[in-house]
Number of protein chains: 2
Amino acid sequence: MRRIKLTVAYDGTNYCGWQIQPNGITIEEVLNKKLSKLTGEDIRIIGASRTDSGVHALGNVAVFDSETGIPPERLAYALNQRLPDDIVITKSEEVPLDWHPRYCNCTKTYEYHILNAKIQDPTRRLTRYFVSYHLDLEKMRRAAGYLIGTHDFASFCNVRTNVEDTVRTIYELSVIEEKDEITIRIRGNGFLYNMVRIIVGTLLRVGRNFYTPEQVEDILEAKDRQAAGVTAPPHGLMLVGIEYE
Amino acid sequence: MRRIKLTVAYDGTNYCGWQIQPNGITIEEVLNKKLSKLTGEDIRIIGASRTDSGVHALGNVAVFDSETGIPPERLAYALNQRLPDDIVITKSEEVPLDWHPRYCNCTKTYEYHILNAKIQDPTRRLTRYFVSYHLDLEKMRRAAGYLIGTHDFASFCNVRTNVEDTVRTIYELSVIEEKDEITIRIRGNGFLYNMVRIIVGTLLRVGRNFYTPEQVEDILEAKDRQAAGVTAPPHGLMLVGIEYE
């Protein structure tokens, strides 16, 4: 028996997110089916990040245990032959049998992509959030400064359960402008449910002068979801990668 | 009666190209239907460029005649409310009744987008041609130099009719590298059927050292489609815009 780690890229447009659910097809479900067929075993993968419907990934991570004779590094290739075009295994490798993608210390990097233009570009509509109004990027950067570091991010979490510890550390939160696109890049040791999208929604309100940058400090201190901005839509979000210690 | 010019952007992925045909839905067909419904007239648009299945556009052009009371500049907005997400009218304006989008002198700009990386990125698969091998960009640029100017491009034309004049002028043919993407940008006074994609296919062969840059001059002189490289796939191609004199 070996434990195999997969690095998984996908276009989330046509999936109901990562995690198996009754209402539609998910990335997890497709990987389980294709891996089971490939190995002849009943494979159930464990994913690192259960991304929402419409969210994309370049480097999500999953593991599974198998007795397959296919060399671990060759599994990516074999699996890609069977996967639909919108899911690609970018790497496969053996890891210790006790290695778990969610219980290891890691740094996750997300990017939120915004098309900031007067008119929508249909060729980018599925991976960029279209924002037609002017954004004050300097104010957004100042606001971002209040969120970097270790804080209780309860204001930036859509409640799934009440028992969660809501303290997290953000290492980087950058607002990058390139031509007609704005990328909000965020790195941290873990994220609460919808945390990245609520941070983006809040920064966009700052950029639009609905909040001052200083108010973001008050929002953080409120520890109340009602204090923060709306959750930005899923299709602008991309899980870039997960680095394990 | 007024003649209205539309500037049209679209993601060509889900269409059988621009021109109406029996085997599937086309951009022209969707625009005719939505315009007819909006105006209450039987509208038949005339397009500037009949792009192939899978080809994208930021600035294709179409005209139609109508007696609608909707102000010409407002038509873009009214039409966008009714169009699917993958077609966007970026501008609508009145033009003289004798103005024709194909019989006016113009400069067309196309970009061909290549993802040049070891592994496919599924989020860019529909708008970038994935090329995993190394490309010698300097050689591609030298080869491009032979194509700039006024030439008989018979070698770079997939035959639709034999009667066509195959002389065209290319003003610009650039090979631009940015991160993991290569953009081949081409501007000219008109293009033969599949001409841009055959030029791209030929430049890619040069980049791979299958042809020397100098051989492109021989290919041009051969005036024979068999002499040139394969037609590059449609999804990397984007009609950026058309400027009329």
Next item on the list: Give me the distance between the Cα centres of region A:149-200 and region A:36-84, rounded to whole Å.
Entry: 27
Item checked: Inter-copy spacing of B:T166 label points, which lie 7 Å from Cα along Cα→Cβ, given in nm from shortest upward -> 7.0
Check: Per Stokes-Einstein, at 25 °C and 0.890 mPa s, what whole-number D in µm² s⁻¹ belongs to region B:95-159, with the Kirkwood radius over Cα pairs as the hydrodynamic radius?
Finding: 154
Notebook entry, point to check: Relative to the first principal axis of the alpha-carbon coordinates of chain A, what is the inclination of helix A:195-207, with its axis defined by its Cα atoms, in degrees from 0 to 90 and to the nearest 10?
Noted result: 30
Note to self: Pairs of alpha-carbon atoms within less than 8 angstrom and 6+ residues apart define the contacts here; what relative contact order does region A:111-153 have, in percent?
What the structure shows: 35
Next item on the list: Measure out, as a whole number of angstrom, how far apart the alpha-carbon centroids of region B:86-135 and region B:202-244 sit.
Entry: 17
Notebook entry, point to check: Sorted from shortest, what are the nm distances separating the label point of B:G69 from equivalent points in the other copies, each placed 7 Å from Cα along Cα to C-beta?
Noted result: 7.9
Margin query: Let's test the formula: R0 of 45 Å, r as the Cβ-Cβ distance of A:V167 and B:N105. What FRET efficiency results, to the nearest 0.05?
Written below: 0.10
Checklist line | Choice from A:D85, A:D52, A:D65 with maximal GNM fluctuation in chain A (Cα, 10 Å cutoff) | finding: A:D85
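Accessible area lost on pairing A with B, both sides, 1.4 Å probe, Å² to nearest 100?
On the way: alone 12030 and 11980 Å², together 22450 Å².
In total, chains A and B hide about 1600 Å² from solvent.
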Item checked: Axis proximity, chain B to A: residue whose C-beta lies nearest, plus whole-Å distance -> B:L126, 4
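Past the 23 angstrom mark, what percentage of all C-alpha to C-alpha distances in region B:106-244 do you count? Let's see the in-between values first.
Values: 2723 of 9591 pairs.
Summing the P(r) of region B:106-244 above 23 Å gives 28 percent of all pairs.
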Next item on the list: Select from A:E221, A:E67, A:E41 the residue whose mean-square fluctuation is largest in a Gaussian network model of chain A (Cα-Cα springs shorter than 10 Å).
Entry: A:E67
Checklist line | For region B:31-103, the Rg and Dmax computed from alpha carbons only, in angstrom | finding: 12.2, 35
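Tell me, what is the per residue accessible area of region B:7-108 in Å², probe radius 1.4 Å?
Values: 4700 Å² over 102 residues.
On a per-residue basis, 46 Å².
Could you sort A:87-99, A:9-21 so that the peptide with the highest average Cβ count within 10 Å comes first and the rest follow in order? Spell out each step's value before the answer.
Values: A:87-99: 15.9, A:9-21: 20.5.
Going from most to least packed, we get A:9-21, A:87-99.
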Checklist line | Pairwise FRET efficiency - B:V240 versus B:D85, Cβ, R0 = 22 Å, nearest 0.05 | finding: 0.60
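Summarise the partner chain shielding of B:118-128 as one whole number: the mean count of Cβ atoms from other chains within 10 Å of each residue's Cβ. Show your work: numbers first, answer last.
Details: counts 1, 9, 5, 6, 16, 14, 2, 4, 7, 4, 0.
Partner-chain Cβ atoms within 10 Å, mean over residues of B:118-128: 6.
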Checklist line | HN-Hα J in Hz across region A:61-70 - Karplus 6.51, -1.76, 1.60, θ = phi - 60°, x for Gly and Pro | finding: 10, 9, 10, 7, 9, 7, 9, 4, x, 5
Checklist line | Using θ = phi - 60° and Karplus 6.51 cos²θ - 1.76 cosθ + 1.60, couplings along region B:171-188 (whole Hz; Gly, Pro as x) | finding: 8, 8, 8, 10, 10, 10, 9, 8, 6, 9, 10, 10, 10, 9, 10, 9, 10, x
Check: Helix-derived [θ] at 222 nm for chain B: sum -39500 (n - 2.57) over DSSP H runs of at least 4, divide by residue count, nearest 500?
Finding: -6500 deg cm²/dmol
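Report, please, the projected area of region B:1-125 averaged over directions, based on the convex hull of its C-alpha atoms, in nm². Please report the intermediate quantities before stating the final value.
Details: hull surface 35.3 nm².
Its Cα hull, projected and averaged over all orientations, spans 8.8 nm².
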Notebook entry, point to check: Distances from B:R2 to the same residue in each other copy, label points 7 Å out along Cα→Cβ, in nm, shortest first?
Noted result: 7.0
Check: If you wrap a convex hull around the Cα atoms of chain B, how much volume per residue is inside, in Å³?
Finding: 133
Notebook entry, point to check: Rg and Dmax of region B:179-224, using alpha carbons, in Å: what are they?
Noted result: 11.8, 36
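Take the Cα gyration tensor of region A:1-59, multiply each eigenvalue by 5, square-root it, and list the three semi-axes largest first, rounded to whole angstrom.
Working: eigenvalues 81, 36, 17 Å².
Over the Cα atoms of region A:1-59, the ellipsoid semi-axes are 20, 13, 9 Å.
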Next item on the list: First compute the accessible area of the protein assembly as shown with a 1.4 Å probe, then give the percent of it belonging to carbon and sulfur atoms.
Entry: 46
Next item on the list: Counting only C-alpha contacts under 8 Å and six or more residues apart, can you give the relative contact order of chain B as a whole percent?
Entry: 24
Margin query: Counting just the Cα atoms, what span does the protein assembly as shown cover along each of its three principal axes? Round to the nearest Å and put the largest first.
Written below: 74, 60, 40
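Just to confirm the filter: which trypsin sites (Lys or Arg not before Pro) across region B:25-55 are DSSP coil and have at most 13 other Cβ within 10 angstrom of their Cβ? It would help to have the intermediate numbers written out before the result.
Numbers: sites: B:K33, B:K34, B:K37, B:R44, B:R50; in loops: B:R44, B:R50.
Sites meeting the loop and neighbour criteria: B:R44.
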Note to self: Give me the percent relative contact order of region B:94-187, please, defined on Cα pairs under 8 angstrom at least 6 residues apart.
What the structure shows: 33
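The values are calculated or read from the model by the stated rules, or taken from the named source; none is laboratory data. Because the structure is a prediction, the values reported are computed rather than measured. Note that each Cβ is placed from the backbone with ideal geometry, even for glycine, and that neighbours are counted across all protein chains shown. These area figures cover heavy atoms from the full protein model, side chains too; ligands, DNA and RNA do not enter into them. Shrake-Rupley method; radii C 1.70, N 1.55, O 1.52, S 1.80 Å.
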